[in-house]
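Remarks on the structure that follows.
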Amino acid sequence: DAGVIQSPRHEVTEMGQEVTLRCKPISGHNSLFWYRQTMMRGLELLIYFNNNVPIDDSGMPEDRFSAKMPNASFSTLKIQPSEPRDSAVYFCASSPQGDYYEQYFGPGTRLTVT
Amino acid sequence: AQTVTQSQPEMSVQEAETVTLSCTYDTSESDYYLFWYKQPPSRQMILVIRQEAYKQQNATENRFSVNFQKAAKSFSLKISDSQLGDAAMYFCAGMDSNYQLIWGAGTKLIIKP
């Protein structure tokens, strides 16, 4: 079975540009999580969805960040406009229905904003 | 709110030896889960082991086991017969009632051949 798929794996962009990160959860999983990992702040939960509905977005740093899950097999995390301090590794994870306790992580997207 | 603390930024162990990674946590909740995740150089986050707080028995997964001391709020990971492939960052995490993972800062594990 394919695991969680994220694209792109690496993204380099200039400050002010729009960035879209993509995630395909494991088939059959109903919950999806977006995390950000930086040296300064470690791993942070940005937002999570259950059955395509955003449940908690309190971790989203500011209005420049938005996330959508239009269907059970796809989610996006968008940053507009991007800033150098957004440089980080962004992880997507999914978990089966009723089992938030076992989250399967994607390989991450390394974002560099210059 | 939960907090998770890993006080060892880096640990090293000789191949085939045993190493223990420390983690302490603080929570006001009565029921919670604790986890150890491994992040190798490939950057993928891999679940190593999980422990339900209401279970007194320590979780074990092959060479990986935990020492869960609920009263002391301690959750250490023991790796037996260390292998070169165990080299990675290890993150301790707790899950709160909102199903959010609260992460420790991580411990870098170095395996000496």
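The values are calculated or read from the model by the stated rules, or taken from the named source; none is laboratory data. Owing to the predicted nature of the structure, the values given are computational and were not obtained by experimental measurement. Glycine gets a Cβ as well: all are built from the backbone with ideal geometry, and neighbour counts include every protein chain shown.
Applying the criterion of being acidic (D, E), in a strand (DSSP E or B) and more than 11 Å from the chain's Cα centre (by Cα) to the residues of the range A:5-61, the residue that is nearest to A:R110 (Cα to Cα) is A:E11. Checked against (1) more than 16 Å from A:Y48 (Cα to Cα); (2) of a type in the set (S, T, N, Q); (3) touching a Leu at 6+ places or on another chain (Cβ under 8 Å), A:T76 passes all but condition (1).
Here's the yes/no breakdown for (1) away from chain A (no Cβ under 13 Å); (2) over 13 Å from the mean Cα position of the chain (by Cα); (3) of a type outside the set (F, W, Y):
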| residue | (1), (2), (3) |
| --- | --- |
| B:P40 | no, yes, yes |
| B:A53 | no, yes, yes |
| B:A71 | yes, yes, yes |
| B:A93 | no, no, yes |
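Taking the range B:42-73 as the range and being at pLDDT below 85 and under 17 Å from B:I110 (Cα atoms) as the test, the residues that pass are B:S42, B:R43.
Residues in the range B:19-27: is at least one more than 14 Å from every other protein chain (Cβ to nearest Cβ), under 30 Å from A:F49 (Cα atoms) and under 12 Å from the mean Cα position of the chain (by Cα)? The answer is yes; a qualifying residue exists.
All conditions but one from (1) modelled with pLDDT of 95 or more; (2) not in a strand (DSSP E or B) apply to A:A67; the one that does not is (2). With respect to A:K24, is the statement that it is surrounded by 16 or more Cβ atoms within 10 Å (Cβ to Cβ), over 30 Å from B:A53 (Cβ atoms) and not small (G, A, S) true? The answer is yes for A:K24. Scanning the range A:18-46 for residues that are over 23 Å from B:Y90 (Cα atoms) and of a type in the set (A, V, I, L, M, F, W, C) turns up A:V19, A:L21, A:C23, A:I26. Among the residues making up the range B:44-64, a single one is among the hydroxyl-bearing types (S, T, Y) and more than 21 Å from B:D26 (Cα to Cα): B:T60.
With of a type outside the set (S, T, N, Q) and under 24 Å from A:L32 (Cα atoms) as the only criterion, which of B:V48, B:V19 stands out?
After applying the criteria, what remains is B:V48.
Total residues in the range A:75-105 satisfying the condition of being among the polar types (S, T, N, Q), part of a strand (DSSP E or B) and either loosely packed, with under 15 Cβ neighbours inside 10 Å or more than 14 Å from chain B (Cβ to nearest Cβ) (or both): the figure is 2. For the range B:1-28, a residue qualifies if it is in a loop (DSSP other than H, G, I, E, B) and among the β-branched types (V, I, T), and the qualifying residues are B:T18, B:T27.
Taken as a whole, the structure places A:R41 among residues that are farther than 14 Å from B:Y99 by Cβ, surrounded by fewer than 19 Cβ atoms within 10 Å (Cβ to Cβ) and either away from every other protein chain (no Cβ under 14 Å) or of a type outside the set (D, E) (or both). Residues considered: B:D81, B:D31. Of these, the only one that is over 30 Å from A:Q97 (Cα atoms), in a loop (DSSP other than H, G, I, E, B) and in contact (Cβ under 8 Å) with a residue 12 or more places away in the chain is B:D81.
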